[in-house]
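The values are calculated or read from the model by the stated rules, or taken from the named source; none is laboratory data. Not measured: the values here are computed from a predicted model. Ideal geometry is used to build each Cβ from the backbone, glycine not excepted, and the neighbour counts take in all protein chains shown. Protein only, heavy atoms only, side chains kept; ligands, DNA and RNA dropped before computing areas. Shrake-Rupley method; radii C 1.70, N 1.55, O 1.52, S 1.80 Å.
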Amino acid sequence: MLTEKITLLLSSHRHPSNPAMPLALTRYQIVSLLRSSLSPNEEQQDFEAKVLDALHELQAQGEILAGTRNCYCMAPPSLVLAEQENLTGLLFRGDRAYLHLAHQALHTQQNSHNPLQLDVEVQHLHRMKECLSKVGIRLLTVDDSVERLPSPRKPKSELRSPWSADPFSINWEKGKSVRRYIPGDAVQKDRWQECHHKSLKNQDLLKIPTGEYLWFEEPHFYELEPDVAILAMFERDKETGFPIKIPWDKAQGKLNLQGIILQSAYARWLWALSKPDSDHYRTRYFQPANRHLVEAAFNRLGCVLV
Amino acid sequence: MTSFNFSISEHTEELWQQISSHWTHRDRPAGSRFLGSVRLPKKDTDRIRNSLGSNLRRLGSNNLTYDSLRERFNKSHQDWLKLLTFTASEYAYYDSSSDEKFWQGFCRILKLSHSQKVENAFRHIIDKGIDNLGLVRAKGGHKYVSTLWLQSGIPSSNLKHFSLLVQEVSDEYGWWELAHTRSHELSQELLDFCQEKHPQWRTLIHFLKSSCSEKEEDEVEPISGQLVQGIATVAQELERQGISPEKLKDENQREQLLGNYDLPKNFFLRNWDSLIQVLTPKERPKGSSGKIISRRQKPLSLVLDVADSLYIQLVLPEQSPWKKEWKYLGGTYCQIPEVSWQGEILTSGEFIIPEQVVHVRSVAELWTWQLLDHQGKCLIDWKLEGVASDLPCLIFDAWSGDRLPLNMASPIIRGTEEIICFTPKEIQLDLSNGIEILDSCVPSSIRGWQGKRFRLNASKSAIIFPSNDKHNPQLIHWQISSNKQPILTGLKLNGNKSIYLETPTFWYPPTNQETCFKISLENLIRQQSIDIITKKFLPSDKWQSIPLEQWITEPGAYEVRFYNQEHRWSYIFEIKSAYQLFKTSVERLPATPQHSNIQGRVDKLPIQYKSLDKFWAEEVKIEELWTLEEVTLLLSNRHDKRFSIVRADSSGHLNISLAALYDLLPQSDWYALDYQRLGLEWQRLVETKPISWTWENQAISISGLQLNCQYSLSCWNFLLPQREPVDIEILLAEQPEESISVPLKLPAGIYHIQLLSSESSPQNFGWWCSSNQYELPDETKENEYLEIYCYTILDNEPIRDFWEAINCLNYDYDCQWIETVISSLQTNPYYFPKWLNFRAILEKLQALLEPPSPLISQWYKLELCFYKFSLTKNRFIDSFYSLVSRRLASSTKRTLKNGGLKNLILNQMYLDSSLKNGNYHFSFLIELKNLNNRELDLLKLNNLRFVLNSIKHKDCDFEIKFIAIKTEQIHKTIQNIKARKNKIIKLTKKSYKNVN
C-alpha cells in the first residue's frame, strides 16, 4: 500500500538536531524515494498522480500535515478515541516513531491484526491522557462542532516574505504555465486557467506548475500554504457567486468528493465523522445522525450540495 | 633449444608455440593475462634465455635498437617480441634483486653490455610485447618494471619474507581489515611495516617501494597492496567455507577456487607454497590494533547539503596526512587559515585534521585551502576548481548532493536524472524538451544566486544558458548513460547515504545473452562474509531481479558485489528498521512551547496590555511546536469571536502578528487572543486590560469585567473532588461599575475558583475557604470513604493517609487540572482560615501527581497501664482515651522530631481498654517507620514518660510497654480495626470536644 509506504518514509526522516521531531519532505522527494522502490519493469506513468492522491487521503485521515514549498510531514502522534465511553478501541495516528512509546505508556501489546490499534484495559481517561502526554502523545476525541472550522477568506496575515522569483519570468517547460483561479461554471479543478503576465490583476490566486500556490498582492508574489490557498478559493467562489457543486445523496448519506480539494481541517473533520465507501474513491458514507453536520460544514464553505 | 635462430621466423614461431602451450592464461581476454601463469620448469626458461642472449649478442650491443631487431628478427612475425618479453618476465620473477638495477641485471644475464641505448630498446620492445600478449599492465611509476613484476606477483627471492610479512600484518590487523583497505593504502602500510620491523629485508623493501608513490600526484600500481588484499580475501573465504589451504597447492584446483572470489583486478600470485602455512586457520586475535590509517591527502570538495540545510558547502574530509619531511616539525603549531582551524603536528598517524565544513557565501574561480606550518610555510594545499566567469553555474546531483563538474569546452551532465542547478538570480535558463522543473526557486547560500531543481524525463536533453551571442547560446547537454546499469531498488532515506528501510532488491537490465555472475555478500558490522553464490541471467527483454532478502534479514551495514570477468559492481548500504523512539533514546520529547514577543521571552501568559495600540502591535513567536503543526487561534472581543488556523514552519516556529488579525472583528474596547494545539488545552496569549479581584470572608470583589459579556464563577470543592464545580452566575449592572462583589454562598468546602466567560478561556482566581474545621459536606453522610478522605484534609493528616483515602475513593483525576489548581494556589492570593494549612493542601495536591512511595514500617503494640485508676463515669473513658491517644501522637512526634526523626509515625490504632480492679489498661497499635534500636530507646525512655506524666491522673502510677509485632500476626487485627475505624474517628471527635 502506497499510504503505508509514505507513513513509513515520513516517520523515518527525523530532525537532525532533535529526533523527536519528524523532518518534512517535499512532494518530489517523496515521489522519487517511492519510485526508487518500484520494480524497473513497472509502468510508472501515473505514479505521481497516485502518490498525490495518497497524500490527500493521508491528510484527510489526520496522518500527515502539508505546508509551503510542497512539504509534507507526519502529524503529531495521537490516539484517537472514537467514543468517550469506550476506551478500548484506540487508534494511533501520526508520527509512527511514537508507536512504541504509546504501547509503553499504556502497557499494551502490539495488536497483530492492526498494529495501529491499542487494546487498553479499561483505564481512567484522565490518567491515560496524562501518561500519554508525558511521552508527547495526544489523546484526541472526535469533535463534531462546525464552529471551529475556519471560514473562507482572503490571505492576509500569511503575506509575510515575498516569493523570490516572478513566476512569469521562468521559462516553464512546454505545455505548462502559471494558472489562475477563476470561478465559473466549471468543476473545481477546471477553474484553474492559463494566465499571462499581461492579464495579471491584484489579488490574483495563482498556481505554478511545480505545485505551489501564489498570491499576487502588488507588487509582490507570496506563497500560500495549500490550506490558506484553498480557503481563498472558496472565498473567491463566494465573492463571485459561483459555488462549487458537490454530489450529496442525503437519503443514502453518501458524499462524493472526487475531484474536490478541501482545506485539511474540513477534510479531517468529514473523514472522522464518516466511513469510506468501499466502491468509490473519495466517496464518504455518513450515519443519519451526522448528515445535518455535512450540510452545515459545506454551508460554511459556501458550497452547494446537489 | 640453444640452436634456435631468431632470424628464422619458423624458429621463433615454434619456440613461442612451445611456451604458449603451457600458458594457462592464454585464452583469457586481452588485458587480463598474466605471463607468470606459464608453467615451465626453470631449466627450460633458462635455456630460452640463453638462446635469446646468444641471438642478441650476435647483433652486438651497439646495434641493439627496436628497429634493428625488427629488421633482423622478422618484420611480420612478432614472436621474437613475445619471447623477449617472456624472458624479461621470468628474469623479474627469478633473478631481479635490490643489489642491481633491473635493466643492468637483465643485460648481465643475457651477457650483453648495458647502456642507456640498450635499456631504451628493451623498454620499447617490452612495451610492444605487453600489448601483443594482451598482458595486464601496471599504471604509472616504473611502468615496465612494475608490469613485469606484476606478471608473477612476488619475485621468487622475496616469497619467504613476503609470507612472513603477510603473517605479521594479518596478526596485527586481521584478514577483514586487510581485505577492506584500499590497495594504495595497504601498499604504503606494508612498506612502513616492513621498514620498521625488518629493515634488513632489502630485496623485499625494494619490491614494496615500487608499489608506493613517492609523491602524492604520482600514480603507481600498488602491486603489493593488491596482493595482500587478494590473499586476505582468499583467507577469509577459506576460513568461512572450511576449505583447507592445501588445495591451493594444486594449480588447477587453485584456479578454480580463486575464480569464485572477488579478487582485485590485478591479482595473480605464481607461487603459493610459502603462503599455505600463513593461510592455515589458527587461533589469533581479530585485528588487534584496529584500522589502517591512510596518510594520503584527501581532496577538498564542493557539496550541496541535500539532507538538511540545502547550503552549498566546501568540505574537507577528516584526514591524517603525513610526509617524511615533517618529522622536524613535531610538536609545532599549524593552521588552515581558510577555516580558522589550528592544530599541532604530532608524529605520523596521530596527526588528524578533523572534517572541515564551510558554507559557501560567494563564488570563486578557484578555491584554495592551505595547511601552513608555524612559520607560515605551506605544507599541503588543496585546490578545487570553482565557477568560471563565462559559465556562472553550479550543478549538483539532487540526491547525493555531489557537484557535477562541467567541462567548459563541451559541458555535459551524465549519470543522474535529477539535478539542482544554481545560477545568479538574473540568469533565465531555457530548457529543451524532456526536462521538467520540480522546484523553481531553491534558496541558495550564495548571495544573489538561486537554484532550480530539474528532472530529466527523456534519454537526453539540454539546458540552454544565455550568452551575449544570441544565436549561439551555451548548451549544457544532459544525458542518461545509454547502456543500462544494474540497480538496487527499495524504500530508502533521502540523502547521499544508501540507507534502506527494507532489504533492497538487485535488478539486472534487459540482456540478449546469457550471463553469469558471482554475488558476494558481506556484513560490514560483524565483519563477516555472508555468502558467495553464482547467478545466471538468461536473455530477456525485462529486468531480472535478485531479492537480497534471502541472505539479508536484519538491519545493519552490508556490501554486496556482483562480478564476473568483464564487470564488477559493488553496493555498500545500510538497512535500518522503522524508527522508534524510546524514553531513553530521546533527548527532548516535544516540550511545552516557548513564547516570545518583540521584547523578548515571555515567562508568564497571557501578555497583558492596557492600551489597544500595544495589543495590535504585538507579535508573538511560539517555538518548539511540531513540524508544520496546525494551531487554532481565537480572537475575541466583547461581541464576537473568530477562529482561524495558522501553521508552524518546518522548524516548528510560528509567528503570530496581531496586526494581521485587526479587521477580523468589529471595533471594541477589549480583545483577547487565545490559541490551541490539536488535542491540548486553550491558552490565552494576549489580552487587553486584565481583570482583578480580592477575596472576602463570604464574597469576592471583582473589577475590570466587561459589559455585555456573561460571566460565572466555577467553584471546585477539594472535599468533593468528583463533583462538578458549582457555578455562580455573575449579574452585571447596566452601567459600568468600578467593582462588583459576588457573594460566595457555598456549602462547606475548600474551593478553587475560576472565572468563566462567554468570550475567553477560564481565568484562575485561586483558593478560598471559610468553613470551620469540622464542617463536613452533606455527601459524607452516605459515603464513609469520602468522610475519611475529608478528615485527612481537614485534620491536616499525613500524605500517606490522604493517598490511601484517595485510592478508596477511586477518584479518576485529571492531572492537567491538578496542575492548574496547584499553580493557581502557588501564584494567586488565597483565602484560608487559620486552621487550614496552606502547605498541607499544597502537599496533598502534589501527592496526586507524585504518589508517596510505600514505606517500610514496623508495628508496635503499646501497652499502658494506669494503676489504681478511678473513673466514675464511663463516658469519660472515651474522652480520656482520646486525650491519651492525641497526646501520645503529638508527644511521640515531638520526641522523634527532637531526635531528628520527623514524620515517623504512620498509624496508630486503638486496640483495647479495660478497667479491672481500679487498674486501667490501654492497648494501642502504632505503626512506625523502621526504627533502629537507638531510636526505639529514645521513644521508650524518658521523653515519652515525661509526656505521659503530664497527663497522669493525680493519684495513679503507670507503666508502659513497647512490643514489636510481626506484620503477619497483626494483619487480621488491623483489618478488624479498619472496619471499626470510622466509628472510632467519630467517637474521637466527639470525645475530643468533650475533653476540651
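One Cα centroid belongs to the range A:194-239, the other to the range B:300-353; the line between them spans 50 Å. Under 5 Å from the amide H of B:ASP531 lie the amide H atoms of B:LEU521, each residue being 5 or more positions distant or on a separate chain, with H modelled from the backbone and absent for Pro and chain starts. Summary value for the range B:25-105: 32 percent relative contact order, contacts being C-alpha pairs under 8 angstrom separated by 6+ residues. Computed on protein heavy atoms with a 1.4 Å probe, the accessible areas place B:SER692, B:SER274 in the order B:SER692, B:SER274, largest first.
Going down the table (A:LYS5/A:LYS207; B:LYS160/B:LYS291; A:LYS176/A:LYS201), which pairs top 24 Å between alpha carbons? Could you put the intermediate results ahead of the total?
On the way: A:LYS5/A:LYS207 28 Å; B:LYS160/B:LYS291 26 Å; A:LYS176/A:LYS201 20 Å.
Violating the 24 Å Cα-Cα cut-off are A:LYS5/A:LYS207; B:LYS160/B:LYS291.
Annotation for A:HIS280 and A:ASN299: the two label points, set 7 Å from Cα along the Cα-Cβ direction, are 2.3 nm apart.
Among the protein heavy atoms of chain A, carbon and sulfur supply 50% of the accessible surface, probe 1.4 Å, non-protein parts ignored.
With the full set of protein chains in place, find how many percent of the accessible area of the range B:622-768 is carbon and sulfur; take the probe as 1.4 Å.
Working: 2840 of 6080 Å².
That share works out to 47 percent.
Close amide H contacts of B:HIS374 (hydrogens built in the peptide plane, cut-off under 5 Å, sequence separation of 5 or more or a different chain): B:TYR333. The alpha-carbon of B:LYS535 sits under 12 angstrom from the alpha-carbons of these aspartates and glutamates, leaving out residues fewer than 8 places away in its chain: B:GLU514.
For the range B:185-271, the convex hull spanned by the alpha carbon atoms encloses 116 Å³ per residue. Computed packing ranks the peptides A:253-266, B:361-374, A:21-34 as A:21-34, A:253-266, B:361-374, most packed first, by mean other Cβ atoms within 10 Å. The figure for B:ASP250 is an accessible area of roughly 70 square angstrom, using a 1.4 Å probe on the protein chains alone. If you sort A:PHE168, A:PHE216 by accessible surface, 1.4 Å probe, largest first, the order is A:PHE168, A:PHE216. Computed over all pairs of different Cα atoms, the Kirkwood value for the hydrodynamic radius of the range B:436-547 is 18.6 Å. Structure remark: mean-square fluctuation, Gaussian network model of chain A, C-alpha springs under 10 Å; the largest value among A:ASP143, A:ASP279, A:ASP53 belongs to A:ASP279.
Remark: spin-label model distance B:GLN667-B:TYR571 equals 7.1 nm, labels positioned 7 Å along the Cα→Cβ axis.
Place a point 7 Å from the Cα of A:ASP53 along the Cα-to-Cβ direction; which residues of the range A:248-273 have their backbone N under 18 Å from it? Residues passing the 18 Å test: A:255-262. With a 10 Å cut-off around each Cβ of A:37-44, the average count of Cβ atoms from other chains is 5. Judged by the gyration tensor of its Cα atoms, with axes a ≥ b ≥ c, the range B:87-133 is oblate; a/c meets the 1.5 cut and b/c is at least as large as a/b.
Using mean Cβ contacts within 10 Å as the protection proxy, how do B:830-838, B:558-566, B:677-685 order, highest first?
On the way: B:830-838: 14.4, B:558-566: 16.1, B:677-685: 17.8.
Ranking, from highest mean packing down: B:677-685, B:558-566, B:830-838.
The protein assembly as shown: percent of C-alpha pairs farther apart than 50 Å? Summing the P(r) tail past 50 Å for the protein assembly as shown gives 54 percent.
Peptides B:493-506, B:316-329, A:38-51: what's the order by average Cβ count within 10 Å, highest mean first?
Ranked from most to least packed, the peptides come out as B:493-506, B:316-329, A:38-51.
Note on B:491-501: average number of Cβ atoms from other chains within 10 Å of each residue's Cβ is 4. Using the Karplus relation 6.51 cos²θ - 1.76 cosθ + 1.60 with θ = phi - 60°, the per-residue 3J(HN,Hα) values for the range B:794-800 come to 5, 7, 6, 6, x, 4, 5 Hz, with x marking Gly and Pro. Enumerate the aspartates and glutamates that A:LYS250 could reach by cross-link, defined here as Cα to Cα under 12 Å, with residues fewer than 8 away along the same chain left out. Cα-Cα hits under 12 Å: A:GLU295.
Note on A:147-155: average number of Cβ atoms from other chains within 10 Å of each residue's Cβ is 3.
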